[in-house]
Amino acid sequence: MSRNAQNDHLTRLEQTSIHVFREAFANFRSVCMPWSMGKDSNVLIWLARKAFCGKIPFPLLHIDTTYEFPEMYEFREKAKVIHGIDLIVRVNEDAIRRGIGYATHDPVTVTHELKTVPFKAAIDEFKWDALVTGIRRDEDPTRAKERWFSPRSAEGNWDYKDQPPEFWGQFASTAPEGGHVRVQPLLEWTELDIWEYIRRENIPNPTLYFARDGKRFRSLGCHPITHPVDSPASNIDEVIEELKLTKTSERAGRAQDHVGRNSMQELRAKGFM
Amino acid sequence: MNTQSLSQPVSTSLPSVEDHRKMHVVVVGHVDHGKSTFVGRLLNDTDSLPNGKIEQVRKNCAIEGMEFEYAFLLDALIEEQEQNITIDTTRIFFRTKQRAYAIIDAPGHKEFLKNMVTGAASASAALLLIDAKEGVMDQSRRHAFLLSLLGVKQLVVLVNKMDLVDHSESTYQKIVAEYSAFLKTLGLTAVHFIPIAAKHGENVVDRSAKMAWWKGPTVTEALDNFAHEDDLTGLPLRLPVSDIYRFDHRRIIAGRVEAGAIRPGDELIFQPGGRRSTVRTFEDWPGPESRSVVGTGGSASVTLSEQIFVERGQVASHPANQPRVGREFRARIFWLGKEPLVQNKTYRLRLLTQNVDAVIAKIIKVTDASTLESKEAASVPRDSICEVIVRATRNIAYDLHSECPITGRFALEEGGRIHGGGIILDAVSKSEGPSGKVTASERGARAGHPPAVVWFTGLSGSGKSTIAEAVERRLFDAGRNVIRVDGDDLRVSLNRDLGFSAADRAESVRRASAVAGLFAGTGHITLVTLIAPLAADRAKARAALANHTFIEVFVDAPLAVCESRDVKGLYAKARRGEIAEFTGISSPYEAPESPEVHIKTDKTSQEEAVDLVLSAIDKILQGKGEDWEV
């Protein structure tokens, strides 16, 4: 594809995301980008490097639940080098000492303890006023209402009932007192866009997304609660073809979303991304 | 400004078979004119509903003993999507044979205007429903007014509920005539007025047999004919500076091309300020090649041939087609704030990447968005539209909305929150110049950057002056007003009468800060190099210079290193007891606890040190620091 082709769909998405990155970096004192090592996260890294001409000028944060797939840890170390990432890793050691884990606790509790709690602690520690997230409107209904720049209170709460208007490329540029702003460059992307972009740009990703023995992961989380889907798609072209036909939701394999009717809503109100 | 084309079309690679990109559509209109029913029917008729959804809703209706309505379908979807959370910017997707669509802001909830503005501003097209039986109503007009302000150009009016008026063409024509006249006063034109009966799916996707007189398109046909958005590549170049990156040896001007196109070799002028330079390269990652042109919507990473002063907020254009530069203009504003917009109050004006204080100098009139009647008022309530004179506290670059919409509109912010937006109608000629004493912000405006005091503290021989000299050189070469106040120089001039006692040191710091204040007052970035060993004295200096941005640079070199350098032979003298109360030897040095810049000279090269200081100054100059308007 010609590098001058600016009117195609993926390039428009890409250029808008770059703009969002740049505006965030210009507006906020201290930016951080949580990194799950999943495909959306990896696309974000790629876009950040494009936005900042090769170098990511802020740290990435990995909240390590200690339940990542072994391949993800390998991928983390590899990607760190490839992209020159300044990586902060945080583990909720206290919760692990208290015996919080999937063997004994429900997924909502574990997700809260091992992800949200250390995530909030890291925000308190580093005082970031902007966090770049990889959420997309098409992932989940509660994410459909998000804005490019979404202010969060000091407690991490999201006032979805009274969101600032967003128009003409003007975003909420001030974090609430003691709070931060979520910056969401992938808001308009779909799962299919992500994969088509990964293919076009040849972005490194974990191979867990590709089928082995008739199963592959469509979304990656903690291994005890993340289940592969039946799929013969063993390479990126096949994944893309499969997505064009599928009717099931992307996060169907993520158990913590489905514990109760409103589990995703509960998680997000408490600060989950 | 003329709109002569400055560039060739950027791309011819539009997808041919199917346009994957979702087109954003807003659905607006008076309450009960059938928005929900229409959306429900549209989803059904385009086969965009999840399997079994319609059967489920029909069943629920039967259980409740209600007649099935398509509006329920939408309610059910929303409820499900929202999981009982109050609706905000929700998207509902549907797809025609041609392409995918997203309906932004499903209708029918509170705070509609605020969300409609957010939605409509990003929409490529609007569908406005009018009840054929009830005719044009208050919100029919109000919503069109907002659409006109937000710049939604592709408007289709749906004359709904045609079944209730016996599918009468004359009733339809009456509405067309009345509403067209109204739209005309707003400068809007509807692409089509389509007669529909949403409840029965007539002319939504399928053509209505009962309205054979209608030869125009159905709703989906009309949508499929829309273009995604105006291509602004033919307009003159407008590249607002988002940031200046200096992550490595390169100095990259970053920004998004909002109109026109830019190429290497183009001469640019940056307004306000008026400095010129030429595009040397685009620094596209991952390379190896960079683009040969960046068109509208593209993010550019530009290096310049000549190192001129550039800051966030400036707009780069070609010299032949520049934006206007000024600080006072007439604008039409829509106001969404809970508190009314008040005359003579200062708000934050955001236009592209420019961000300045601006006073609503005069509220000319408040317009009723429905009747278009205007009246004078001193304040503007929520959800109103008004015409005002805006006076920014310094010059900004802008266009009239009629010339270039994207640089002719702005948002108004208060307390970090956007409360309204406006379009610029015309410039206000300023007959009288400013009067009274010259203010710091006027000086700053002339310099093109805010002043600052950068105070280098550290032991004798730590390298303060060397770093400061290099910083001064870089700033000077970048076209900034900069001056250095050196402690050693002061010692032989202004401070000739002072020794090294604690009292004399305090006095020396006081005098240096007074001198720095005078220089900063003239708009200079003032670099002070003074040991200033005592924290209390430095705190006093900072307080005395509270009107200016103050950057403390701690040049932190180990005593042994300073002593081994001993350029001036002072340490040797101090060791021999020839200088009393010498800092580090016979007098204490209290290291700063939280300097803005901390340079550890044993770990940082001189070059890195200079970059650290420059980047701290850059942040201020780019408006990231304290507000410099005094």
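The values are calculated or read from the model by the stated rules, or taken from the named source; none is laboratory data. As the structure is a computational prediction, the values presented were derived from the model and not from experiment. Here Cβ is always computed from backbone atoms with ideal geometry, including for glycine, and neighbour counts include all displayed protein chains. SASA here: full protein model, heavy atoms, side chains in, ligands and nucleic acids out. Shrake-Rupley method; radii C 1.70, N 1.55, O 1.52, S 1.80 Å.
Filter the stretch B:502-540 down to the residues that are small (G, A, S), closer than 23 Å to B:D556 by Cα and assigned to a loop (DSSP other than H, G, I, E, B) and list them by number.
Initially, the stretch B:502-540 is screened for residues small (G, A, S), giving B:502-503, B:506, B:508, B:512-514, B:516-517, B:520-521, B:523, B:532, B:535-536, B:539.
Next, only the ones that are closer than 23 Å to B:D556 by Cα stay: B:502, B:506, B:508, B:512-513, B:516, B:532, B:535-536, B:539.
If the condition is that a residue be small (G, A, S), closer than 23 Å to B:D556 by Cα and assigned to a loop (DSSP other than H, G, I, E, B), then B:A532 is the only one that fits.
Of all residues in the stretch B:607-630, which are at pLDDT 85 or above and open to solvent by less than 90 Å² (accessible area, probe 1.4 Å)? Spell out how you get there, then give the answer.
Residues of the stretch B:607-630 at pLDDT 85 or above: B:607-617.
Those that are at pLDDT 85 or above and open to solvent by less than 90 Å² (accessible area, probe 1.4 Å): B:A609, B:V610, B:D611, B:L612, B:V613, B:L614, B:S615, B:A616, B:I617.
What is the residue count in the stretch B:222-275 for residues that are without any contact (Cβ under 8 Å) to a residue 60 or more places away in the chain and either polar (S, T, N, Q) or under 23 Å from A:D8 (Cα atoms) (or both)?
Taking the stretch B:222-275 as the starting set, the residues that turn out to be without any contact (Cβ under 8 Å) to a residue 60 or more places away in the chain are B:225, B:245, B:247-252, B:254, B:256-257, B:262, B:264-270, B:274.
Subset that is either polar (S, T, N, Q) or under 23 Å from A:D8 (Cα atoms) (or both): B:225, B:254, B:256-257, B:262, B:264.
Of the residues in the stretch B:222-275, 6 are without any contact (Cβ under 8 Å) to a residue 60 or more places away in the chain and either polar (S, T, N, Q) or under 23 Å from A:D8 (Cα atoms) (or both).
Out of the stretch B:215-246, which residues are within 30 Å of B:Y398 (Cβ to Cβ), aliphatic (A, V, I, L, M) and not in a loop (DSSP other than H, G, I, E, B)? If you could, list the steps in order and put the result at the bottom.
Going through the stretch B:215-246, the residues within 30 Å of B:Y398 (Cβ to Cβ) turn out to be B:226-246.
Narrowing the set further to residues that are aliphatic (A, V, I, L, M) leaves B:227, B:232, B:235, B:237, B:239, B:241, B:244.
B:L232, B:L239, B:V241, B:I244 - these are the residues of the stretch B:215-246 that are within 30 Å of B:Y398 (Cβ to Cβ), aliphatic (A, V, I, L, M) and not in a loop (DSSP other than H, G, I, E, B).
Test of understanding: among B:G298, B:G273, which residue is closer than 19 Å to B:G313 by Cα and more than 7 Å from chain A (Cβ to nearest Cβ)? Please lay out each step first, then the result.
On the way: B:G298 fails: more than 7 Å from chain A (Cβ to nearest Cβ).
The unique qualifying residue is B:G273.
What pairs come out if I take residues in the stretch B:320-342 that are within 14 Å of chain A (Cβ to nearest Cβ) and over 11 Å from B:G422 (Cα atoms) and pair them with residues that are part of a strand (DSSP E or B) and of a type in the set (K, R) whose C-beta lies under 6 Å away, six or more apart or interchain?
Correct list of pairs: empty, since none qualify.
The conditions are (1) out of contact with any His (no Cβ under 7 Å at 6 or more places or on another chain); (2) in a loop (DSSP other than H, G, I, E, B); (3) open to solvent by less than 40 Å² (accessible area, probe 1.4 Å), and B:L147 fails exactly one of them. Which is it?
(2)
Which number in (1) away from every other protein chain (no Cβ under 12 Å); (2) open to solvent by less than 10 Å² (accessible area, probe 1.4 Å); (3) hydroxyl-bearing (S, T, Y) marks the one condition that B:S305 misses?
Among (1) away from every other protein chain (no Cβ under 12 Å); (2) open to solvent by less than 10 Å² (accessible area, probe 1.4 Å); (3) hydroxyl-bearing (S, T, Y), B:S305 violates only (2).
I'd like the full set of residues that are open to solvent by less than 20 Å² (accessible area, probe 1.4 Å) and either within 12 Å of another protein chain (Cβ to nearest Cβ) or within 26 Å of A:W128 (Cα to Cα) (or both), limited to the stretch A:198-225.
Once the filter is applied, which keeps residues that are open to solvent by less than 20 Å² (accessible area, probe 1.4 Å) and either within 12 Å of another protein chain (Cβ to nearest Cβ) or within 26 Å of A:W128 (Cα to Cα) (or both), the stretch A:198-225 yields A:I203, A:G221, A:C222.
With respect to A:S30, determine if the residue is within 14 Å of chain B (Cβ to nearest Cβ) and of a type in the set (G, A, S).
Details: within 14 Å of chain B (Cβ to nearest Cβ): yes; of a type in the set (G, A, S): yes.
It is true that A:S30 is within 14 Å of chain B (Cβ to nearest Cβ) and of a type in the set (G, A, S).
If B:G337 meets every condition in (1) at pLDDT 90 or above; (2) more than 25 Å from B:R480 (Cβ to Cβ) apart from one, which number is that one?
(1)
Got a sec? Which of A:T66, A:T109 is outside any helix (DSSP H, G or I), more than 14 Å from chain B (Cβ to nearest Cβ) and more than 16 Å from the chain's Cα centre (by Cα)? Talk me through it step by step, then tell me what you get.
Values: A:T109 fails: outside any helix (DSSP H, G or I).
Result: A:T66 is the single residue among A:T66, A:T109 that is outside any helix (DSSP H, G or I), more than 14 Å from chain B (Cβ to nearest Cβ) and more than 16 Å from the chain's Cα centre (by Cα).
For the stretch B:285-298, which residues satisfy the criterion of being touching a strand residue (DSSP E or B) at 6+ places or on another chain (Cβ under 9 Å) and open to solvent by 20 Å² or more (accessible area, probe 1.4 Å)? Break it down stepwise before answering.
In the first step, residues of the stretch B:285-298 are kept if they are touching a strand residue (DSSP E or B) at 6+ places or on another chain (Cβ under 9 Å); the result is B:285, B:290-298.
Residues satisfying the conditions are B:W285, B:S290, B:R291, B:S292, B:T296, B:G297.
Based on this model, can you work out whether A:E23 counts as farther than 23 Å from B:D248 by Cα, buried (at least 21 other Cβ atoms within 10 Å of the Cβ) and within 14 Å of another protein chain (Cβ to nearest Cβ)? First the steps, then the outcome.
Details: farther than 23 Å from B:D248 by Cα: no; buried (at least 21 other Cβ atoms within 10 Å of the Cβ): yes; within 14 Å of another protein chain (Cβ to nearest Cβ): yes.
Here the answer is no, as A:E23 does not meet what is asked.
Would you pick out the residues in the stretch B:496-529 that are open to solvent by 20 Å² or more (accessible area, probe 1.4 Å) and either aliphatic (A, V, I, L, M) or at positive phi (or both)?
Answer for the stretch B:496-529, where residues must be open to solvent by 20 Å² or more (accessible area, probe 1.4 Å) and either aliphatic (A, V, I, L, M) or at positive phi (or both): B:L498, B:A502, B:A503, B:A506, B:A514, B:V515, B:L518.
Take B:D489 and decide whether it is charged (D, E, K, R) and modelled with pLDDT of 90 or more.
Numbers: charged (D, E, K, R): yes; modelled with pLDDT of 90 or more: yes.
Answer is yes for this residue.
Which of the residues that make up the stretch B:459-488 are among the acidic types (D, E) and either in a strand (DSSP E or B) or farther than 30 Å from B:I308 by Cα (or both)? Before you say what the answer is, go through the steps one by one.
Of the stretch B:459-488, the ones among the acidic types (D, E) are B:469, B:472, B:477, B:486, B:488.
Passing the criteria: B:D486, B:D488.
For the stretch B:498-513, which residues satisfy the criterion of being touching a residue at least 24 places away in the same chain (Cβ under 8 Å) and aliphatic (A, V, I, L, M)?
Scanning the stretch B:498-513 gives B:A502, B:A506, B:V509, B:A512.
Kindly evaluate A:A154 against the criterion of being within 8 Å of chain B (Cβ to nearest Cβ), of a type in the set (A, V, I, L, M) and over 19 Å from the mean Cα position of the chain (by Cα). Please lay out each step first, then the result.
Details: within 8 Å of chain B (Cβ to nearest Cβ): no; of a type in the set (A, V, I, L, M): yes; over 19 Å from the mean Cα position of the chain (by Cα): yes.
Against the criterion (within 8 Å of chain B (Cβ to nearest Cβ), of a type in the set (A, V, I, L, M) and over 19 Å from the mean Cα position of the chain (by Cα)), A:A154 does not qualify.
Just one of B:E339, B:E328 is part of a loop (DSSP other than H, G, I, E, B) and farther than 28 Å from B:S299 by Cβ; which is it?
Values: B:E328 fails: part of a loop (DSSP other than H, G, I, E, B).
After ruling out the rest, the residue left standing is B:E339.
Check whether at least one residue in the stretch B:545-557 is touching a residue at least 40 places away in the same chain (Cβ under 8 Å) and either part of a helix (DSSP H, G or I) or not assigned by TED's automatic domain parsing to the domain that holds B:E596 (or both), and report yes or no. Before you say what the answer is, go through the steps one by one.
Of all residues in the stretch B:545-557, those touching a residue at least 40 places away in the same chain (Cβ under 8 Å) come to B:545, B:547-557.
If we keep only those that are either part of a helix (DSSP H, G or I) or not assigned by TED's automatic domain parsing to the domain that holds B:E596 (or both) too, we end up with none.
Looking for residues that are touching a residue at least 40 places away in the same chain (Cβ under 8 Å) and either part of a helix (DSSP H, G or I) or not assigned by TED's automatic domain parsing to the domain that holds B:E596 (or both), one finds none in the stretch B:545-557, hence no.
Scan the stretch B:250-273 and tell me whether some residue there is out of contact with any Asp or Glu (no Cβ under 6 Å at 6 or more places or on another chain), over 30 Å from A:I82 (Cα atoms), at pLDDT below 90 and not charged (D, E, K, R).
The answer is yes; a qualifying residue exists.
So B:R350 fits all but one of (1) crowded, with 16+ Cβ neighbours inside 10 Å; (2) modelled with pLDDT under 90; what number is the exception?
The failed condition is (2).
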